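The values are calculated or read from the model by the stated rules, or taken from the named source; none is laboratory data. Computed from a predicted structure; not experimentally measured. Glycine also receives a Cβ, built like all others from the backbone with ideal geometry; neighbour counts cover every protein chain displayed.
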Protein chains: 2
Amino acid sequence: MAQQHLDPADPTAGTATGDALAGYLRAQATEFLRALRLHRETGGAAGGGEESVDAASALRRSARRISASLHTYRPLLDPAWTESLRPELAWVSGTLALEHAYEARLERLLQALHRLSGAAALPDRTPAGPGGGPPAAADRASLTVGAAKAGALLDRQLTLARTRAHSTALQALGSSRFHAVADKVAVLASEVPLAPAAPVTELHPLAAAARERLTDAVAALPLLTAGHPYNAQALVHGLSPDPSPHPQDGPWHQVRLLLRLHRYAREVLHGDAAADVRILAAGQALDRHRDASEAAAAAAQAARTPRIAPATAYALGVLHADQRHEVEASRFAFQRAWQKETVEAV
Amino acid sequence: MAQQHLDPADPTAGTATGDALAGYLRAQATEFLRALRLHRETGGAAGGGEESVDAASALRRSARRISASLHTYRPLLDPAWTESLRPELAWVSGTLALEHAYEARLERLLQALHRLSGAAALPDRTPAGPGGGPPAAADRASLTVGAAKAGALLDRQLTLARTRAHSTALQALGSSRFHAVADKVAVLASEVPLAPAAPVTELHPLAAAARERLTDAVAALPLLTAGHPYNAQALVHGLSPDPSPHPQDGPWHQVRLLLRLHRYAREVLHGDAAADVRILAAGQALDRHRDASEAAAAAAQAARTPRIAPATAYALGVLHADQRHEVEASRFAFQRAWQKETVEAV
């Protein structure tokens, strides 16, 4: 039932109840446990291969979905139990996400440095474990001194951060705190703790509320400006003394989270095969917005390293501005995707 | 006749001949001499006021038009006489243009630094003569140390360049070489030296050829890419070891010149009141393209100053990238303006 596509025009579509939610949660909990087992088997230790990375990604994926469903549909669930699990799931997915985020950020920044140097695209780096070294010297041959030094500096800083995140994630997965989370998810896989006397048994109004929170947040975004190409807004404050990340990015990050909640709320009702391509496009634009925003901040941060050469600082300035323009381009892409989206039944 | 608007649908429109050209050249030559007199009266000396600036601008304006008409309609004119005057007019307008260009470049870069610092817009600087100092300290209070230092560095370098350009222009205007140009223009104001046996007496085919040279050059531009917002092409090579200005800008600069030739060729036929707003919009986009391209190069050049602080270099990197995005935005604006333009009779 949970994975079944319900036609919004179908009169039975309005009757999705706790059963659909329980089915979805059971499926996601099972997936969480499967990914956990795989992660342990493939050894999340240093230098963990592709399978280990995939397992960690699958763990985060199901943790996000369980957490989102507990939030959107909380009136149907045992409140005390739900409230105790949600922050723990957020801790798990947040802790596991960091290593990947640092790696992706470094990749993005090195690719940008190569693009800005007019060099051929950086050859695909195999996702190196924490033991993976900096890119081969040959990769840097076509860069100016400044770009090469900036790349080396970012490589050092982000590789260190990634290595630390990797250790933290491994420690977390071995902790008693994590075992408690896994135990709770195991309960979910067999028996979803529904509210004893649920005041609401119908899912649609709750999904509609999630959609409304999204729509309200989008309405507060400066979409008119964003839809005007080359509005130069994302780089305003690019040299301001305020600390990064830019405060103007906050509402967009918030919409990204609300869009994800909306998407997962729909999955409970319609299954993920029914994912709306426009919602997916809007979500991808906001992911890119977040990634570029954080990459720009990392470049600005690296430029504050004491005793760097002026040529390094110059390259980091160009890189920062480039990524802030990616931020602006992402907002434009989101505006286009959102504009296309028609109001639809949830 | 020259300033009269000829309707392209008017059957007499096709009969514009040497008379129209002679009328136009006489009018522009008279304007050149008037501006020259005004420039001498208002004293182009150091600290010359607004009137002197206006006079220099009017001089350049008429020199460009005379030069363009001699080029487009050269089969109607005495070839030896024309060929001797054209390079001299280019020398005059090029020499006079430099001072203004450095001043506008500095203004553009300081405005950008303020925008990038999230500060209120820079208060209008009265166009300072070469004696004019850097902007008041209060203007810089809202900038970070890096942005303020970058602004001061650009101010020093571009003010020095402008002062030199001013001296060079004054020397040029007092030279015997310039007096020879002025004498020739005085001849033009009274008696246009038409070709003794002009093989062509009809202007329209020559104006059409000017338009065709423009259309061909535009067709060779990467307009498909330019029309796609945030294509990130202008900053490719932003960190390359190649010297600035970017070679990719060349074809756009060339189109800017051809567009101007086309516009002046139309003025001879239809008068300047008949200027096409879309041609004007396309021309403005290309002017902005040129200005941003040169401002970006000035920021990159300033970053090569020995012994600057990393914070200064970082700010110059951000500024360079910002101006390269202005370059990209200008190409987008040109593409839009050009797309709107329908093929029209010249």
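So here's what we get for this one:
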read-out	value
Residues of the range B:151-186 satisfying the condition of being touching a residue at least 24 places away in the same chain (Cβ under 8 Å) and within 30 Å of B:Gly23 (Cα to Cα)	B:Ala169, B:Ala172, B:Leu173, B:Arg177, B:Phe178, B:Ala180, B:Val181, B:Ala182, B:Lys184, B:Val185, B:Ala186
Test: residue in the range B:33-41 that is under 18 Å from B:Tyr264 (Cβ atoms), among the small types (Gly, Ala, Ser) and under 22 Å from the mean Cα position of the chain (by Cα)	yes
For A:Gly250: the one exception among (1) farther than 17 Å from A:Lys149 by Cα; (2) free of Cβ contacts under 8 Å to residues at least 24 places away in the same chain; (3) in contact with a helix residue (DSSP H, G or I) (Cβ under 7 Å, 6 or more places away or on another chain)	(3)
Residue match in the range B:66-85 (condition: part of a loop (DSSP other than H, G, I, E, B) and assigned by TED's automatic domain parsing to the domain that holds B:Arg164)	yes
Per-region count, the range A:157-181, residues farther than 20 Å from A:Ser62 by Cα and not in a helix (DSSP H, G or I)	0
Every pair of residues 6+ apart whose Cβ atoms lie under 6 Å, when the first sits in the range B:285-299 and is within 23 Å of B:Val218 (Cα to Cα) while the second is part of a helix (DSSP H, G or I) and of a type in the set (Asp, Glu)	B:Ala292/B:Glu326; B:Ser293/B:Asp249
The lone exception for A:Ala189 - which of (1) in contact with a Pro (Cβ under 9 Å, 6 or more places away or on another chain); (2) more than 14 Å from every other protein chain (Cβ to nearest Cβ) it fails	(1)
Residue within the range A:284-303 that is of a type in the set (Gly, Ala, Ser) and either farther than 30 Å from B:Ala313 by Cα or not assigned by TED's automatic domain parsing to the domain that holds A:Gln339 (or both) present	yes
Residues of the range B:40-68 satisfying the condition of being closer than 30 Å to B:Ala210 by Cβ and in contact with a helix residue (DSSP H, G or I) (Cβ under 6 Å, 6 or more places away or on another chain)	B:Ala55, B:Ala56, B:Ala58, B:Leu59, B:Arg60, B:Ser62, B:Ala63, B:Arg64, B:Arg65, B:Ile66, B:Ser67, B:Ala68
Complete set of residues in the range B:200-224 that are within 14 Å of B:Trp252 (Cβ to Cβ) and not aliphatic (A, V, I, L, M)	B:Pro222
Qualifying positions in the range B:61-89 - among the small types (Gly, Ala, Ser) and modelled with pLDDT of 95 or more	B:Ser62, B:Ala63, B:Ser67, B:Ala68, B:Ser69
Matching option when the condition is under 17 Å from B:Ala68 (Cβ atoms) and crowded, with 22+ Cβ neighbours inside 10 Å, among B:Leu280, B:Leu257, B:Leu286, B:Leu261	B:Leu286
Test: residue in the range B:181-203 that is surrounded by 15 or more Cβ atoms within 10 Å (Cβ to Cβ), of a type in the set (Lys, Arg), under 20 Å from the mean Cα position of the chain (by Cα) and closer than 30 Å to B:Thr30 by Cβ	no
Residue among B:Ala282, B:Ala275 that alone is touching a residue at least 24 places away in the same chain (Cβ under 8 Å) and either more than 14 Å from chain A (Cβ to nearest Cβ) or small (Gly, Ala, Ser) (or both)	B:Ala282
Considering residues of the range A:206-232 that are among the small types (Gly, Ala, Ser) and within 14 Å of chain B (Cβ to nearest Cβ) only, the residue nearest to A:Leu258 (Cα to Cα)	A:Ala226
Only listed residue being in contact with a Leu (Cβ under 9 Å, 6 or more places away or on another chain) and either part of a helix (DSSP H, G or I) or in the same structural domain as B:Leu206 (by TED's automatic domain parsing) (or both), chosen from B:Arg105, B:Arg61	B:Arg105
Members of the range A:304-322 found to be buried (at least 24 other Cβ atoms within 10 Å of the Cβ) and either touching a His at 6+ places or on another chain (Cβ under 7 Å) or farther than 15 Å from A:Arg156 by Cα (or both), listed by number	A:Ala313, A:Tyr314, A:Ala315, A:Gly317, A:Val318, A:Leu319, A:His320, A:Ala321, A:Asp322
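Yes/no matrix, rows are residues, columns are (1) within 14 Å of chain A (Cβ to nearest Cβ); (2) assigned to a loop (DSSP other than H, G, I, E, B); (3) more than 16 Å from the chain's Cα centre (by Cα); (4) within 24 Å of B:Tyr102 (Cβ to Cβ):
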| position | (1), (2), (3), (4) |
| --- | --- |
| B:Gln254 | no, no, no, yes |
| B:Asp287 | no, no, no, yes |
| B:Ala292 | yes, no, no, yes |
| B:Gln301 | yes, no, yes, yes |
| B:Ala321 | yes, no, yes, yes |
| B:Val327 | yes, no, no, yes |
| B:Ala333 | yes, no, yes, no |
